[in-house]
Amino acid sequence: MAALGANLGIAATKFAAFALTASSSMLAEAIHSVADSANQVLLLIGGKRAQRGATAQHPFGYGRERYIYAFVVSVVLFAVGGLFAVYEGVHKLAHPEPITAWKWVPVAVLVVAIVLESFSFRTAIRETRPLLGGASWVAFIRRARAPELPVVLLEDFAALIGLVLALFGVGLTLLTGSGHWDGVGTLAIGALLVVVAVVLAVETKSLLLGESATAGQVAAIEQAISGTDGVSRLIHLRTLHLGPDELLVAAKIAVPGQDSAARLADAINATEERIRRAVPIARVIYLEPDIDRGA
């Protein structure tokens, strides 16, 4: 919501500056802000739709819908933001035009936009920091199973760098009187957005295909299974995210051959309870018992 509010305000000021100055950097940045605003709306819609309950057709629910909308975000950022900026930059280089009217309006708008975007970026950082667990920001983006925070982090980071590039292009255009610098800044913004969009697409594609639990969660599940009375050992384990906050756990466990069905059922129920205590997002658990015949 912070990112959406900031981007809507930024887009309005950038379009106003473009209308006054005809700067291609300002137009590219304005379209970028519109794309970012649309992306935040898509993430909100995906989060809402993912809350629907399971149905007969979709027995594991709709949690992965958040991943689908995050992937659409990367497509929007690539097509609407990146490719448009590249096209506008090439056009501006071919037909350079100096900024003659309201010369310093773009600079003022870009400075205001940097302040607003910094607010959004700070909010994303504050929400993310408790989730880092000692990992780097790059590692967090790569291993995060919830797509919203990584998407907003990358978008805000790209937006801040893009604003600096736009300020560079507009500033040199004003100082030199050559419209080529405006085109160079626009091209740089387009290249930046394309790179960020590709990174987002790669990460969300991996989530769509289905990722396992994190290493820490897998270790906690293994310990929960191995420490249960009536379970000799864990034979093998598979985990899969049904959504950012829902994990499927399937395991084959070794049990003593002389156990009765009642004791076996008690052991399975106890194991499920221990798994859910260790990893609360483990919502769907399937345990297959087998007689322990050794390693």
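Tabulated data for the structure shown
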quantity: Selected residue [touching a residue at least 12 places away in the same chain (Cβ under 8 Å) and buried (at least 18 other Cβ atoms within 10 Å of the Cβ)] from Ala251, Ala278; calculated: Ala251
quantity: Candidate set: the stretch 200-216, residues that are of a type in the set (A, V, I, L, M, F, W, C) and surrounded by fewer than 16 Cβ atoms within 10 Å (Cβ to Cβ); chosen: the one nearest to Arg143 (Cα to Cα); calculated: Ala215
quantity: Residues of the stretch 113-131 classified as without any contact (Cβ under 8 Å) to a residue 12 or more places away in the chain and either farther than 30 Å from Leu167 by Cβ or not in a helix (DSSP H, G or I) (or both), total; calculated: 1
quantity: Subset of the stretch 132-144 [loosely packed, with under 15 Cβ neighbours inside 10 Å and among the small types (Gly, Ala, Ser)]; calculated: Gly133, Gly134, Ala135, Ser136, Ala139
quantity: Any hit, the stretch 97-108, residues being over 22 Å from the mean Cα position of the chain (by Cα), outside the structural domain of Asp245 (by TED's automatic domain parsing), closer than 18 Å to Leu8 by Cα and not basic (Lys, Arg); calculated: yes
quantity: Residue within the stretch 76-97 that is out of contact with any Gly (no Cβ under 9 Å at 6 or more places or on another chain), modelled with pLDDT of 85 or more and more than 20 Å from Asp245 (Cα to Cα) present; calculated: no
quantity: Residue within the stretch 258-267 that is of a type outside the set (Asp, Glu), at pLDDT below 95, closer than 30 Å to Leu165 by Cα and in a helix (DSSP H, G or I) present; calculated: no
quantity: Residues of the stretch 145-160 that turn out to be under 17 Å from Gly46 (Cβ atoms) and either over 8 Å from the mean Cα position of the chain (by Cα) or surrounded by 24 or more Cβ atoms within 10 Å (Cβ to Cβ) (or both), as a count; calculated: 6
quantity: Selection count, the stretch 254-275, where residues are in contact (Cβ under 8 Å) with a residue 40 or more places away in the chain and among the β-branched types (Val, Ile, Thr); calculated: 2
quantity: Exclusive hit being in the same structural domain as His91 (by TED's automatic domain parsing), farther than 18 Å from Phe78 by Cα, out of contact with any strand residue (DSSP E or B) (no Cβ under 7 Å at 6 or more places or on another chain) and aliphatic (A, V, I, L, M), set Leu200, Leu167, Leu187, Leu160; calculated: Leu167
quantity: Matching residues, the stretch 164-191, being closer than 30 Å to Ala146 by Cβ and buried (at least 21 other Cβ atoms within 10 Å of the Cβ); calculated: Leu165, Ile189, Gly190
quantity: Thr123 vs. criteria surrounded by fewer than 19 Cβ atoms within 10 Å (Cβ to Cβ), of a type in the set (S, T, N, Q), under 14 Å from the mean Cα position of the chain (by Cα) and in the same structural domain as Ile161 (by TED's automatic domain parsing); calculated: no
quantity: Lone qualifier among Leu20, Leu110 - being surrounded by fewer than 20 Cβ atoms within 10 Å (Cβ to Cβ) and part of a helix (DSSP H, G or I); calculated: Leu20
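The values are calculated or read from the model by the stated rules, or taken from the named source; none is laboratory data. Please read all numbers here as calculations on a predicted model, not as lab measurements. Every residue, glycine as well, gets a Cβ built from its backbone with ideal geometry; the counts of neighbours run over all protein chains shown.
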